[in-house]
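One structure below.
FYI, it's all coordinate maths here, none of it is from the lab. All values reported here derive from a predicted model rather than from experimental measurement. Cβ placement follows ideal geometry from the backbone for every residue including glycine, while neighbour counts extend to all protein chains displayed.
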Amino acid sequence: MPLIIEVPGPPGWKGRARFSRQGFAYTDAKTRNYEALLRDYAQQAMDGGPVMEGPVRVEVEALFPVPESWSKAKKKRATEGGEFPGRPDVDNILKVIDALNGIVWKDDRQVVSAWAGKFYTAGAPHLRVKVFRLQSDHLLRSKEPAP
């Protein structure tokens, strides 16, 4: 059974690193605020349980609102899977899981498999993160040599 974390509202993503005049990199306020919100919902989902140990698989689904300016036909296509959000890049959506370090798992090095998708929704926009604990039998690979 996976741990499911749902954050209501339009999904957030990892913004580009900013640099001070002195050359120090920092995370923008919008990203910091969204990561704090994700941490809050993750703590609620963990319900006081211990952080996960061992390998985990993560699935991140970002459900965006359909733009109001679109025609009815294009909105319908979007909610039926015929249109997809262009921005943000899907890898930046996946990067928000860094916020789960120390809450869901000890370190994101434990994430051995990840999937992320971005879609439009006719319902309420939200971010859904599913975390699956993996057992060693899930990690077995074929021992056949590469050609």
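Brief remarks on what is shown
- Per-residue ³J(HN,Hα) for the range 100-116, Karplus 6.51 cos²θ - 1.76 cosθ + 1.60, θ = phi - 60°, Hz, x for Gly and Pro: 8, 4, x, 10, 9, 9, 5, 8, 5, 5, 6, 6, 9, 8, 8, 9, 9
- Across the chain, counting alpha-carbon atoms alone, Rg and Dmax equal 17.7, 54 Å.
- Protection proxy ranking of 5-12, 63-70 - average other beta-carbon atoms within 10 Å, highest first: 5-12, 63-70
- Loop-located chymotrypsin sites (Phe, Trp or Tyr not before Pro) in the range 9-42 (DSSP state not H, G, I, E or B) with no more than 13 neighbouring Cβ atoms inside 10 Å: 24.
- 17 Å Cα-Cα reach of residue 130 towards lysines, excluding residues that sit fewer than 8 places from it in its own chain: 95, 106, 118
- Between helix 29-46 and the chain: long-axis angle, C-alpha atoms, 0 to 90°, nearest 10: 60
- Helix-derived mean residue ellipticity, 222 nm - over the chain, DSSP H n ≥ 4, -39500 (n - 2.57), to 500: -6500 deg cm²/dmol
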